[in-house]
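The values are calculated or read from the model by the stated rules, or taken from the named source; none is laboratory data. Keep in mind that what you see is a predicted model, and the values were worked out from it rather than measured. Using ideal geometry, Cβ is built from the backbone for each residue, glycine included, and neighbour counts are taken over all protein chains shown.
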Amino acid sequence: MPVVSIIIVCMNRPDNLRPCLQSIKKNTSAEYEVLAVAYRFDADNLSELRAEFPWVRFIVNNGISGFSENNNLALRQAAGDYCFVLNDDTELPGPTIDALLADFGRLPEDAAIVAPKLLNADGSLQLCGRPEYPPFNYVRQQWHCWREPTDNGRGLFRTFNISGAAFLIKTSIFRELGWFDERYFFTPEDIALSTLARERGYTVWCDSEAAVVHKWRTTASRISTAVRPAAVRGSLIFFSRGSSLRYLLLALGVWPAEMAKRIKARLLGRYSDYLTYRNITRSIFTWRSPKELFVRFFNEL
């Protein structure tokens with residue numbers, strides 16, 4: 001039985017997945033299994049990866065699924081005591097998984113999640129722990145009046161939220177929480193998960209001594225006209241927490257910000273950005289789910 005199940009979702013990007021898998025093999029000593037969801041993969045790419053990495057179990061999904069749904073396909077098959085959720089556009093620069101597993105040996109029993117710090121490809125800090133994220137800050141962020149702090153602690157410290165790019169969680173607790181919430185097609189499934197864990201009485205941690213290199217924006221940016229409307233709609237659903245009035249108030253703060261970006265992109269001739277912001281403004285006051293919005297705009301690509 002593996003100690004840890006490593007879960008990776010890859011959307012037909014073998015150039016991302018190959019170095020990620022190589023870094024796992026090179027830097028991990030604990031017993032592990034790798035479950036990789038091959039999402040909408042070209043048959044030749046998948047065949048090459050299977051031949052190159054016979055120790056990886058590939059789960060093929062050619063439907064329309066978001067981050068949460070794809071991860072859950074693999075998570076429900078995980079056999080390890082822990083699950084390490086990892087983006088395909090990442091690399092382990094050292095024994096990250098072993099370090100995070102060792103952290104659980106010195107954390108209290110109520111510890112559910114431990115996340116590493118995230119580094120950019122040039123080695124600079126991308127994120128180390130995440131603070132509390134109140135709804136007002138989400139609105140401010142859309143107006144570029146607030147930026148989430150990147151450095152939130154040193155050593156092994158308690159944090160509020162994690163990033164979905166890389167984190168280690170006890171499988172039994174993940175199962176109890178219902179895995180990822182599939183209402184959120186892209187974001188904020190990571191904040192929703194850590195929020196739910198804390199509400200259930202568990203604690204969330206970050207280890208600044210353990211690192212993962214995250215070369216972000218390598219896949220989703222190519223389909224941002226479909227991804228970002230679904231992400232904004234999902235964020236509004238999460239931050240409103242089931243209240244229609246709260247949703248309306250948040251939407252009234254976010255819609256003008258996105259409309260201003262839409263107008264600016266049009267005036268500057270940035271047509272791709274214009275389409276993205278146009279789709280976002282069309283998605284805020286709607287009853288469509290984030291997945292329905294993604295499908296609609298993805299079909300227009």
- line: Residue pairs qualifying under the 9 Å Cβ cut-off, at least six apart or on distinct chains, with the first in region 150-162 being outside the structural domain of Val85 (by TED's automatic domain parsing) and the second being surrounded by 14 or more Cβ atoms within 10 Å (Cβ to Cβ) and part of a strand (DSSP E or B), are none
message: Given the condition over 30 Å from Pro108 (Cβ atoms) and over 24 Å from the mean Cα position of the chain (by Cα), answer yes or no: does some residue in region 208-229 qualify?
response: no
- request: Answer yes if at least one residue in region 255-277 is assigned to a helix (DSSP H, G or I) and closer than 30 Å to Pro95 by Cβ, and no otherwise.
  value: no
Scan of region 61-102 for residues that are in a loop (DSSP other than H, G, I, E, B), in contact (Cβ under 8 Å) with a residue 24 or more places away in the chain and under 25 Å from Val295 (Cβ atoms), ordered by number: Ile64, Ser65, Gly66, Arg76, Asp88, Asp89
task: Considering (1) hydroxyl-bearing (Ser, Thr, Tyr); (2) surrounded by fewer than 23 Cβ atoms within 10 Å (Cβ to Cβ); (3) in contact with a Pro (Cβ under 9 Å, 6 or more places away or on another chain), say which one Tyr184 fails and leave the rest.
output: (2)
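For Val60, indicate whether it is out of contact with any Ser or Thr (no Cβ under 8 Å at 6 or more places or on another chain), crowded, with 21+ Cβ neighbours inside 10 Å and modelled with pLDDT of 95 or more. Can you show your working first?
Details: out of contact with any Ser or Thr (no Cβ under 8 Å at 6 or more places or on another chain): yes; crowded, with 21+ Cβ neighbours inside 10 Å: no; modelled with pLDDT of 95 or more: yes.
Answer is no for this residue.
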message: Report every pair of residues separated by at least 6 positions or lying on different chains whose Cβ atoms are under 7 Å apart, first residue within region 255-273 and closer than 17 Å to Val232 by Cβ, second outside any helix (DSSP H, G or I).
response: Ala257/Trp143
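Checking the condition outside any strand (DSSP E or B), farther than 26 Å from Ser124 by Cα, touching a strand residue (DSSP E or B) at 6+ places or on another chain (Cβ under 8 Å) and among the basic types (Lys, Arg), which residue from Arg183, Arg246, Arg233, Arg198 passes? So that I can check it myself, show each step before the final result.
Values: Arg183 fails: touching a strand residue (DSSP E or B) at 6+ places or on another chain (Cβ under 8 Å); Arg246 fails: touching a strand residue (DSSP E or B) at 6+ places or on another chain (Cβ under 8 Å); Arg233 fails: touching a strand residue (DSSP E or B) at 6+ places or on another chain (Cβ under 8 Å).
So the residue among Arg183, Arg246, Arg233, Arg198 that is outside any strand (DSSP E or B), farther than 26 Å from Ser124 by Cα, touching a strand residue (DSSP E or B) at 6+ places or on another chain (Cβ under 8 Å) and among the basic types (Lys, Arg) is Arg198.
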query: Got a sec? Which of Ile113, Ile169, Ile191, Ile173 is over 16 Å from the mean Cα position of the chain (by Cα) and either assigned to a helix (DSSP H, G or I) or buried (at least 21 other Cβ atoms within 10 Å of the Cβ) (or both)?
result: Ile173
message: Tell me the residue from Leu75, Leu21, Leu17, Leu46 that is crowded, with 18+ Cβ neighbours inside 10 Å and more than 28 Å from Gly234 (Cα to Cα), please.
response: Leu21
